[in-house]
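Note sheet for the following structure.
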Amino acid sequence: MEQRPADYKEAVRYIEEIPKFTKKHTLDHTKEFLRRLGNPAFDRKVIHVAGTNGKGSVCAYIQAILEKEGKKTGFFTSPHLVSINERIQVGRHPVSDGEFYRIFSDVYNVVHRMEKEGIEHPSYFEFLFGMGMKVFSHTDAEYIVLETGLGGRLDATNAFPDPAVTIITSISLDHTEILGDSVEEIAREKAGIIKPFVPVFFDGGNEKAAEVIKKTAAELCAPCREITKNAFEIQKVARKYIAFSRANAYDKYISWKVPICGIYQVMNAEIAIEAAEYLLRNAEIHKERWQEAVASICWKGRMQEAGGRLVIDGAHNPGAVEAFVESVQALEDEEGPPVFIFSAAADKKYEQMIEYLCGNITAKAYIVTEIEDKRRVPVKELGRIFRRHTKEKVIEKAEISDALKAAYEEQGETGYIYCLGSLYLAGMVERLLTGGR
């Protein structure tokens, strides 16, 4: 191992280099890593969240609700859009650069000793997970919200032994080369976070996935709450928010709002609310505060209005694109057909995403671009696939700045621009608009 990085920027550079010299490990390796860190934050109440789509949003809603009730929280999430600090949050705020470096140094020293003993260096995700838990252990956070990275059963976050509750969001085909080629196989991997006798709340929108989750929960004697669209009623879909009511007898006349125009966000909010009701079942709760919490969420990259009639969405698999299309259709846009900016990673089912997008929304034009990643799909290939599925104009711009410029030229005086296809693209657009960090 080289000399320890001297400051925050060098620490970030070091972490970003980790994938070049190590690999994903077994859960036993992660558990040993955490043990050497002192099993940080193992005395806290953990909400463990898995799923294909909606994990981050559910985590954000539940964290906001807990904070509104005066509970201190920590939140470990991935990926980040602009700054790596976004992955480790305390009280809804990313950890500071100074704290990030201080904890990095502690973890680095532990890893250095591990390597001296012949134990392999943690993976990129494991290292950050260890840092996150170490940060939380130095706070008075009572609750820690843990979002899985990939899958669930073998995910590093599953090394935490005894969560207070587990949550599984919507499941669809993604990472099939790792998790399996069917919804049932993927559901089994996600259901790997379920623990004996620990309640699980899950999105029951996919019947095949629901059966797998319920079977796993029954085998582990885990109380199981399946949440379907019958749990709520959408009242209004607007550009800035969606209003809904809950089927719960106590809340049926109360109007809730999610400040994001993605239809799928209502299910995510409902899952978070029901899980919070369980977690705070023995406390005095204030639902008006919960309404404020849900309405306060700004989740970047999820139907995010970025100004100038530009919307950024991180939809990067077929299920997410279907949900995105449903949301755009529900807006009943009277300003004319939208312009789409699209990019994708090569390990995603991008042709399936493109086919569904072209077949279900009328567009003014499609602009294809490339993400800043070695897995990027070349614009020539994306352009070829779009032209196979649409007769509308397709423009190829490898640079994201050129793609945005072309989109605004096509947009004209009316209509919206939507960016989708990859969370990398969402981050690139966000950095371009804000100047990054």
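Laboratory data are not the source of any read-out in this text; all were calculated from the coordinates shown. In this text the structure is predicted, and so the values were computed from the model without any measurement. Note that we place each Cβ from the backbone using ideal geometry, even for glycine, and neighbour counts take in every protein chain shown.
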Among DSSP bridges having both ends in the chain, what percentage is antiparallel? Round to the nearest 5. 35
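Taking a ≥ b ≥ c as the square roots of the Cα gyration tensor eigenvalues, with a/c under 1.5 meaning rounded and otherwise prolate when a/b beats b/c, else oblate, which class fits region 208-295?
Oblate.
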Exposure-ranked with fewest Cβ neighbours within 10 Å first, 256, 290 stand as 256, 290
Globularity index of region 286-372, i.e. its alpha-carbon radius of gyration over 2.2 N^0.38 Å: 1.26
Please list, in chain and number order, the residues 5+ apart from residue 376 or on another chain whose amide H is under 5 Å from its amide H, with Hs placed from the backbone. 346
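Would you mind checking 23/45; 31/68; 24/348; 257/393; 190/380; 24/134 for any pair whose Cα atoms are more than 26 angstrom apart? Don't skip to the answer; put the middle values down first.
On the way: 23/45 29 Å; 31/68 33 Å; 24/348 20 Å; 257/393 37 Å; 190/380 35 Å; 24/134 20 Å.
Those over the limit are 23/45; 31/68; 257/393; 190/380.
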Can you list the residues, at least 5 places off or on another chain, whose amide H is less than 5 Å from the amide H of residue 311, using H built in the peptide plane? 306, 417, 418, 419
Kirkwood estimate for region 45-115, i.e. one over the average of 1/r between Cα atoms, Å: 13.7
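Report relative contact order for region 346-399 in percent, whole number only (criteria: Cα-Cα under 8 Å, sequence separation at least 6).
Numbers: 63 pairs, mean separation 23.6, N = 54.
Averaging sequence separation for qualifying contacts and normalising by length gives 44 percent for region 346-399.
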With the dipole of the chain worked out from charges on the C-beta (+1 for Lys and Arg, -1 for Asp and Glu) around the Cα centre, which of 400, 377, 192 lies farthest toward the positive end? 192
Net dipole in debye of region 211-266 [+1 Lys, Arg Cβ; -1 Asp, Glu Cβ; about Cα centre; nearest 20]: 320
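So between residue 380 and residue 409, what do we pick up on full extension, going 0.36 nm a residue minus the alpha carbon distance?
Working: separation 29, 0.36 × 29 = 10.44 nm, distance 2.08 nm.
That works out to 8.4 nm of additional length.
Multiply the residue gap between residue 282 and residue 433 by 0.36 nm, knock off their C-alpha separation, and tell me the result in nm, one decimal place. Can you show the working numbers first?
Working: separation 151, 0.36 × 151 = 54.36 nm, distance 4.48 nm.
Here the answer is 49.9 nm.
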Please name whichever of 231, 164, 268 sits farthest to the positive end of the charge dipole of the chain, dipole taken about the Cα centre and charges placed at Cβ: Lys and Arg +1, Asp and Glu -1. 164
Using the Karplus equation 6.51 cos²θ - 1.76 cosθ + 1.60 (θ = phi - 60°), what ³J(HN,Hα) coupling, rounded to whole Hz, does each residue of region 104-116 give in order, writing x for Gly and Pro? 3, 4, 4, 5, 4, 4, 5, 5, 4, 5, 4, 5, 4
Largest-first principal axis extents, alpha carbons of region 133-227, Å: 41, 29, 20
Over the chain, one equal point on each Cα, no solvent: what is log10 I(q)/I(0) by the Debye formula at q = 0.06, 0.10 Å⁻¹? -0.25, -0.71
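By counting other Cβ atoms within 10 Å of each Cβ, how are 425, 128 ranked from fewest to most? All intermediate terms of the calculation are to be shown ahead of the outcome.
Numbers: 425 30, 128 23.
Starting with the residue having the fewest Cβ neighbours, the order is 128, 425.
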From the backbone phi of region 3-17, what are the Karplus-calculated ³J(HN,Hα) couplings (6.51 cos²θ - 1.76 cosθ + 1.60, θ = phi - 60°) in whole Hz, Gly and Pro given as x? 4, 4, x, 8, 7, 4, 4, 5, 5, 4, 4, 4, 4, 5, 8
Once phi for every residue in region 343-360 is put through the Karplus expression 6.51 cos²θ - 1.76 cosθ + 1.60 (θ = phi - 60°), the whole-Hz ³J(HN,Hα) values, with Gly and Pro written as x, are 8, 7, 8, 5, 8, 9, 7, 6, 5, 4, 5, 5, 4, 5, 4, 5, x, 10
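Just subtract the alpha-carbon distance of residue 117 and residue 28 from 0.36 nm times their residue separation and send over the number in nm, one decimal. Show your work: numbers first, answer last.
On the way: separation 89, 0.36 × 89 = 32.04 nm, distance 1.60 nm.
Length gained, residue 117 through residue 28: 30.4 nm.
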Distance between modelled label sites at residue 17 and residue 254, nm, 7 Å Cα→Cβ extension: 5.2
Going by amide H atoms built from the backbone, whose H comes under 5 Å of the H on residue 248, apart from near neighbours? none
